[in-house]
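J.: Here it is: the structure, laid out below.
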Amino acid sequence: MRMVDLIAKKRDGKELKTEEINFIIEGYTKDEIPDYQMSALAMAIFFQDMTERERADLTMAMVNSGDTIDLSAIEGVKVDKHSTGGVGDTTTLVLAPLVAALDIPVAKMSGRGLGHTGGTIDKLEAIAGFHVEISNEEFVKLVNKDKIAVIGQSGNLTPADKKLYALRDVTATVDAIPLIASSIMSKKIAAGSDAIVLDVKTGAGAFMKSVEDAKELAHAMVSIGNNVGRKTMAVISDMSQPLGFAIGNALEVKEAIDTLQGKGPKDLEELCLALGRQMVFLANKASSLEEAEKMLQEVISNGKALNKFKDFIANQGGDSSVVDHPEKLPQAKYQIEVPAKEDGVVAEIVADEIGTAAMLLGAGRATKDSVIDLAVGLMLNKKVGDSVKVGESLVTIHSNRENVDDVMTKIYENIRISDHAESPILIYDIVTE
Ligand code: URA
Ligand code: CA
């Protein structure tokens with residue numbers, strides 16, 4: 001087999017065979033196929049697309065390029081959740097204890113990563129003592145005992161994806177559905193769960209700006225998952241404005257605690273229930289999505305979900321009294337209000353720009369080596385559709401520096417007040433095949 005012939009085949013719109021895709025990914029991982037040939041192939045895929053079979057094969061070839069996590073020592077159906085990324089996305093912090101409270105094993109491997117706020121691990125580390133440096137044995141033991149544990153990323157997972165994603169970044173081939181879908185799904189599949197629930201975000205703060213693109217990506221990922229034997233479903237959710245009120249690490253922990261008590265922001269609660277009922281259903285704990293939703297509501301109202309969060313924190317060395325006393329979480333030195341300059345209705349809160357405002361305070365990492373300030377961030381006091389009067393606070397800035405003029409300016413530029421607003425849509429679609 002010669003790479004040049006396979007590039008030509010794809011360039012001409014033909015379908016690559018399983019063994020050809022394996023040859024390409026194995027060769028590329030071992031540096032036997034050079035970047036320039038791989039770039040040409042990525043561009044050919046960009047224009048010619050891939051069939052469902054090719055996408056599934058590409059995904060599995062990337063899974064098999066490195067280590068995979070074996071969760072077979074954990075009892076029950078392991079269901080993982082993945083979000084394509086957004087601003088102030090507190091869902092994992094809520095969902096993990098929520099579904100674990102229904103005896104569904106949550107064996108989560110998580111990262112830190114770049115972004116407007118930290119990743120799930122950074123957020124949890126806002127709780128004094130909490131740590132994810134536990135052994136694999138401890139991890140398995142905790143999930144079997146209490147159904148929930150989080151461990152830091154380790155091992156050499158999907159090296160082919162790492163290499164190819166970096167190459168796509170500099171060859172204008174990131175925005176290709178077959179490549180994005182196989183990239184995301186390869187990482188999820190290598191992480192070892194039996195079933196996967198995807199939260200595909202759309203809007204200003206999302207990777208996929210339009211609903212049509214988000215739907216196409218969701219269908220592509222669900223089809224890959226189901227074709228390689230992992231039950232997969234997706235929710236297409238709004239990320240034109242930030243989710244919930246809190247954007248910041250400790251602030252989002254507090255928001256998660258509120259939501260587990262049934263008094264969180266409505267949009268966050270609704271999305272957690274939408275994702276949660278799919279997780280419960282895929283774990284075979286309910287025979288319908290309606291039944292799954294009832295079960296989730298019940299563990300919120302009877303306090304089991306909140307208790308699960310406490311056990312989870314304590315199991316991993318954290319101070320679980322923060323759940324009843326959230327004032328023990330790191331607090332920023334200054335709380336500064338951003339008053340509305342006019343009467344009207346909030347018509348737009350541009351998610352990515354507001355996320356950047358939180359990052360200016362130090363809530364997220366700009367580069368891999370940045371240090372996060374866990375206490376800082378933003379609390380939205382108004383969301384799209386809310387009416388507002390001059391002088392009322394739009395946002396509370398939680399800052400450890402006194403001068404926040406840059407943050408204020410960014411907020412004013414990105415919250416639009418008008419005389420009317422379209423009512424926001426939170427969930428655009430549910431994708432099951
Ligand atoms: N995120 C990924 O992990 N891969 C892509 O290709 C795009 C977004
Ligand atoms: Ca939030």
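J.: Among LEU282, LEU306, which is the only one that is buried (at least 16 other Cβ atoms within 10 Å of the Cβ), at pLDDT 95 or above and closer than 15 Å to PRO97 by Cα?
T.: When all the criteria are applied, what remains is LEU306.
J.: Collect the residues in the range 284-313 that are among the small types (Gly, Ala, Ser), over 21 Å from ILE196 (Cβ atoms) and over 24 Å from the mean Cα position of the chain (by Cα), keeping them in residue-number order.
T.: Within the range 284-313, SER301, GLY303 qualify.
J.: Within the range 220-256, track down each residue that is in contact with a strand residue (DSSP E or B) (Cβ under 6 Å, 6 or more places away or on another chain) and over 25 Å from ASN414 (Cβ atoms).
T.: Across the range 220-256, the qualifying residues are MET221, VAL222, GLY225, ASN226, ARG230, LYS231, THR232, MET233, ALA234, VAL235.
J.: Here is a further query. Just to be sure, is THR232 open to solvent by less than 10 Å² (accessible area, probe 1.4 Å) and either acidic (Asp, Glu) or within 16 Å of ligand 1 (Cβ to nearest atom) (or both)?
T.: Yes: the conditions hold for THR232.
J.: Here is a follow-up. Confirm whether ALA160 is within 13 Å of ligand 1 (Cβ to nearest atom), in contact (Cβ under 8 Å) with a residue 24 or more places away in the chain and closer than 30 Å to GLN37 by Cβ.
T.: yes
J.: Only one of (1) open to solvent by 10 Å² or more (accessible area, probe 1.4 Å); (2) of a type outside the set (Val, Ile, Thr); (3) in contact with a Lys or Arg (Cβ under 7 Å, 6 or more places away or on another chain) is not met by ASP49, so which one is it?
T.: Answer for ASP49: the failing condition is (3).
J.: Can you find a residue that is in contact with a His (Cβ under 9 Å, 6 or more places away or on another chain), in a helix (DSSP H, G or I) and more than 16 Å from ligand 1 (Cβ to nearest atom) anywhere in the range 265-279?
T.: no
J.: Can you name every residue in the range 374-413 that is out of contact with any strand residue (DSSP E or B) (no Cβ under 7 Å at 6 or more places or on another chain), of a type outside the set (Phe, Trp, Tyr) and assigned to a helix (DSSP H, G or I)?
T.: Of everything in the range 374-413, those that are out of contact with any strand residue (DSSP E or B) (no Cβ under 7 Å at 6 or more places or on another chain), of a type outside the set (Phe, Trp, Tyr) and assigned to a helix (DSSP H, G or I) turn out to be ASP405, ASP406, THR409, LYS410, GLU413.
J.: Scan (1) of a type outside the set (Gly, Ala, Ser); (2) out of contact with any strand residue (DSSP E or B) (no Cβ under 8 Å at 6 or more places or on another chain); (3) assigned to a helix (DSSP H, G or I) for the single condition GLU15 breaks and write down its number.
T.: Condition (3) is where GLU15 drops out.
J.: Filtering the range 76-132 down to residues that are open to solvent by 10 Å² or more (accessible area, probe 1.4 Å) and either without any contact (Cβ under 8 Å) to a residue 40 or more places away in the chain or of a type in the set (Lys, Arg) (or both), which residue is nearest to CYS272 (Cα to Cα)?
T.: Filtering the range 76-132 for residues that are open to solvent by 10 Å² or more (accessible area, probe 1.4 Å) and either without any contact (Cβ under 8 Å) to a residue 40 or more places away in the chain or of a type in the set (Lys, Arg) (or both), the one nearest to CYS272 (Cα to Cα) comes out as THR92.
J.: Can you pull out every residue in the range 72-100 that is of a type in the set (A, V, I, L, M, F, W, C), away from ligand 2 (no atom under 16 Å from the Cβ) and part of a loop (DSSP other than H, G, I, E, B)?
T.: Listed by number, the residues that qualify are ALA73, ILE74, VAL77.
The values are calculated or read from the model by the stated rules, or taken from the named source; none is laboratory data. The structure displayed is predicted, hence computed values, not measured ones. Positions of Cβ are backbone-derived with ideal geometry, glycine not excepted, and every protein chain shown enters the neighbour counts. Ligands, DNA and RNA are excluded from the accessible area calculation, which covers all protein heavy atoms including side chains. Shrake-Rupley method; radii C 1.70, N 1.55, O 1.52, S 1.80 Å.
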